[in-house]
1. Has the range 86-97 got any residue that is surrounded by 20 or more Cβ atoms within 10 Å (Cβ to Cβ) and touching a helix residue (DSSP H, G or I) at 6+ places or on another chain (Cβ under 9 Å)?
2. Take Ala360 and decide whether it is modelled with pLDDT of 95 or more and in a loop (DSSP other than H, G, I, E, B).
3. Just to be sure I understand, how many residues within the range 225-243 are of a type outside the set (D, E, K, R), in a helix (DSSP H, G or I) and either under 28 Å from Ala292 (Cα atoms) or free of Cβ contacts under 8 Å to residues at least 40 places away in the same chain (or both)?
4. Kindly indicate which of Val333, Val337 is closer than 23 Å to Ala189 by Cα, of a type in the set (Val, Ile, Thr) and either in a strand (DSSP E or B) or in contact (Cβ under 8 Å) with a residue 24 or more places away in the chain (or both).
5. May I ask you to list the residues in the range 197-231 that are touching a strand residue (DSSP E or B) at 6+ places or on another chain (Cβ under 8 Å) and either within 30 Å of Val275 (Cα to Cα) or hydroxyl-bearing (Ser, Thr, Tyr) (or both)?
6. Criterion first (touching a residue at least 12 places away in the same chain (Cβ under 8 Å) and under 13 Å from Leu326 (Cα atoms)) does Gly198 satisfy it?
7. Name the residues in the range 79-101 that are farther than 24 Å from Gly32 by Cβ and either assigned to a helix (DSSP H, G or I) or in contact with a Ser or Thr (Cβ under 6 Å, 6 or more places away or on another chain) (or both), would you?
8. For the range 236-260, how many residues are touching a Lys or Arg at 6+ places or on another chain (Cβ under 6 Å) and modelled with pLDDT of 95 or more?
Amino acid sequence: MANRFIVEADGGSRGNPGPAGYGAVVLDAVTGEALAEAAEYIGTATNNVAEYKGLIAGLEAARAIDPEAEIQVRMDSKLVVEQMSGRWKIKHPDMKPLAARAASVFPAGRVAYAWIPREKNKHADRLANEAMDAGKAGRPWEPSAAAAAPSVPVAEPLPEPKAAPVGWAAPADLGTPTTFVLLRHGETALTPEKRFSGSGGTDPELSPAGRRQAEAVAAALAARGTVQAVVSSPMRRCRETAEIVAARLGLDVRVEDGLREADFGTWEGLTFAEVRERFPEDLDAWLASSKAAPTGGGESFAAVARRVALSRDKLLARHAGRTVLLVTHVTPVKTLVRLALGAPPESLFRMELAAASLSAVAYYADGNASLRLLNDTGHLR
């Protein structure tokens, strides 16, 4: 599945024409994380020229990250949005070459345009004004230390869908949802000690207690008789759990790399207290921001969310209308739940998820999702 980016762009001119500049930001469409910023003072120009140059800069910044990405452009310029969407003709001679250049950055089928009100385009507007201020002061624009909050909600799809009813008001003709039953693997030797155990560590096997937990899950799921496919993280503890369950259900196990646990860098194998003692500043940063990664080249929660969302979309396409058991880890399960609820990244720290617990999310044809179960451990009693 291709990466999905939001490009928000703006341009301004103090005089129209007058001293002008543009700003653009590339956002991850799943997490809302700002991936790149661009801004420049362009001398004397009109608002429209500045807006088009902001669009071009944003598209080129997105292409530099991933030339195969799918893009939604969001601008408060009705003119640019309508012209680039093909609904309005481009008559002004200054606009034609700029529009042609913008159209050449990505194939047309991978870019969608949407108008947003100015108050929803604050990030790009700020960058454009920073660029104009820098030009007035005779210096080049430089990124500011503080990043403004992105204006796209977490997990908003591309392109922007029509409003769909949810909950009790949902229509009855959406068909059978695709249901992911989310199983955290059974215990390893590290689990009772509450040590960081991600994809960058020793890849431990199930402990005897963990194997008993997997057998209990297998019995419970066999009694329900609803699971139609089993997909596992590549980590050993998940594959062992999945194989025990799949054998009881008479199914094969398919491995999906995107379901692996986060890489916790040099924190692997340490307890929270040990990390607090050795890396206090890094731990505080990690707890405060989903963009912060564990010490030593670990993986941020924002990065995990991107790959988990890609795996989710791939599995939804492959298993439409079916019930699929995903055997994975704490972070991927919490991430799938968070994205289904549209909850903020800090919600990951507010969910309890026991070893061998079951959760479930149903995905509907209109793009809505429903959390049906969280941290069920009744089968382990």
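The values are calculated or read from the model by the stated rules, or taken from the named source; none is laboratory data. Being a predicted model, the structure only gives us computed values, none of them experimental. Reconstructed Cβ throughout: ideal geometry from the backbone, glycine too, with neighbour counts over all protein chains shown.
1. No, because not a single residue in the range 86-97 is surrounded by 20 or more Cβ atoms within 10 Å (Cβ to Cβ) and touching a helix residue (DSSP H, G or I) at 6+ places or on another chain (Cβ under 9 Å).
2. It is false that Ala360 is modelled with pLDDT of 95 or more and in a loop (DSSP other than H, G, I, E, B).
3. The number of residues fulfilling the criteria is 1.
4. Only one candidate passes the filter, namely Val333.
5. Scanning the range 197-231 gives a single hit, Thr226.
6. Criteria not met by Gly198.
7. Across the range 79-101, the qualifying residues are Leu79, Glu82, Gln83, Met95, Lys96, Pro97, Leu98, Ala99, Ala100, Arg101.
8. 0
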